[in-house]
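Shown next, in structure tokens, is the structure this report addresses.
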Amino acid sequence: GAELTAGSPRMLRHPDPNMSGTHDRLPRQGLLLLVALSLFWGINWPIIKVVLSEVPPLYFRAFCLLLGGMGILAIAYASGSVITVARSQWQRIALFSLCNIIGWNVPAIYGVLLLPSGRAALLGYTMPLWSSLLSAWLLGERITPRRFVALLLGLSGIVALMGGSLEGMLQAPVGVACMICAAWFWALGVVLLKRLPVSLPTTTLTGWMMILGGIPLLAVAIPLETAQLTLPSFWPAFGVIYNVLIAFMFCYWAWNRIVSMVPVAVSSLSSLVTPLIGVAGGALFLGESLGWQEILAALLILAAVGTVSLKR
């Protein structure tokens, strides 16, 4: 059966149930998954803000990663995919986890603490900009005029987010730096997945990456955040459950399904909708400001991502 590995499709002994053929257009099921994915991941940005009002950040992320990873592996096992990993593959999986899980989640969770959730979402989804630069370095891909224009658009969006006043510039840099760092590590992880492919189903690889990333986060959270750990009220507790079941388990599964149905260039378009929903959700549910700076930044950053994502 055709099985999607991390970086290249190849024929393996164990079929990946997520692979059902690749088409240029999403079937009806894929369109429904795309709508659900964009909505659920988009509104999760203000939900994270609510959770962090009562739950320590490292405990929150460790809890979601460990339970989400175990849930994904359980789904993979129940669907007949192989979940065992050869000893030679663990080093690469650990490297992927360091970039895609720890390098993304730790700076991002502190970025959400320091920034409005909508701004954090916009900055996080600058990942395609950094991946285009890293792919030129690590994969030998040429930096085209299109990528250069995209970088200028993205940097302009970041400047717009930081605000025009000196006070805004002084208050925003730490949160902005956290989200740019998170996006950069995510981009590095994506490039490494292409450079160092492993022969595992996508669901299995994702599950083990989450678990390997969640274990050190929990180890650090125990001495640093245990004193802050209290029983959360209803909405923060709901947000934790939402993240485990929806944002991690369902959305990652849905993403794998979409990637298996269409080329990567088509599936990546779903990321264009997610930060817009994050900005709108922050304004609607948390009362975050939605002025001309946020709108301009959204347009610039989405234009930058679209410049490197769209072929025409």
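The values are calculated or read from the model by the stated rules, or taken from the named source; none is laboratory data. Being a predicted model, the structure only gives us computed values, none of them experimental. No Cβ is skipped: glycine too gets one built from the backbone with ideal geometry, and neighbour counts run over all protein chains shown. Calculation scope for accessible area: heavy atoms of the full protein, side chains included, ligands and nucleic acids excluded. Shrake-Rupley method; radii C 1.70, N 1.55, O 1.52, S 1.80 Å.
Data for the structure
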read-out	value
Qualifying positions in the range 74-105 - more than 24 Å from residue 195 (Cα to Cα) and open to solvent by 10 Å² or more (accessible area, probe 1.4 Å)	74, 75, 77, 78, 79, 80
Number of the exception - residue 29 against (1) more than 16 Å from the chain's Cα centre (by Cα); (2) at pLDDT 90 or above; (3) not in a loop (DSSP other than H, G, I, E, B)	(2)
Residue match in the range 140-147 (condition: aliphatic (A, V, I, L, M), touching a residue at least 40 places away in the same chain (Cβ under 8 Å) and open to solvent by 30 Å² or more (accessible area, probe 1.4 Å))	no
Test: residue in the range 55-73 that is open to solvent by 60 Å² or more (accessible area, probe 1.4 Å), of a type in the set (D, E, K, R) and in contact (Cβ under 8 Å) with a residue 40 or more places away in the chain	no
Test for residue 197: is it over 17 Å from the mean Cα position of the chain (by Cα) and either in a helix (DSSP H, G or I) or modelled with pLDDT under 85 (or both)	yes
Residue list for the range 81-138, filter: within 13 Å of the chain's Cα centre (by Cα), of a type in the set (A, V, I, L, M, F, W, C) and at pLDDT below 90	120, 121, 122, 123, 127
Within the range 37-94, tally of residues that are part of a helix (DSSP H, G or I) and small (Gly, Ala, Ser)	11
Filtered residues of the range 129-147 (kept if farther than 22 Å from residue 293 by Cβ and part of a helix (DSSP H, G or I))	130, 131, 132, 133, 134, 135, 136, 137, 138, 145, 146, 147
Any chance residue 244 is modelled with pLDDT under 90, within 21 Å of residue 104 (Cα to Cα) and under 17 Å from the mean Cα position of the chain (by Cα)	no
In the range 232-256, residue nearest to residue 30 (Cα to Cα) [restricted to those that are among the small types (Gly, Ala, Ser) and either in a helix (DSSP H, G or I) or touching a Phe, Trp or Tyr at 6+ places or on another chain (Cβ under 7 Å) (or both)]	254
Enumeration of residues in the range 189-199 that are closer than 22 Å to residue 83 by Cβ and either open to solvent by less than 10 Å² (accessible area, probe 1.4 Å) or out of contact with any helix residue (DSSP H, G or I) (no Cβ under 9 Å at 6 or more places or on another chain) (or both)	189, 198
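For every residue, the table says whether it meets (1) in a helix (DSSP H, G or I); (2) at pLDDT below 75.
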| residue | (1), (2) |
| --- | --- |
| 211 | yes, no |
| 219 | yes, no |
| 230 | no, no |
| 260 | yes, yes |
| 269 | yes, yes |
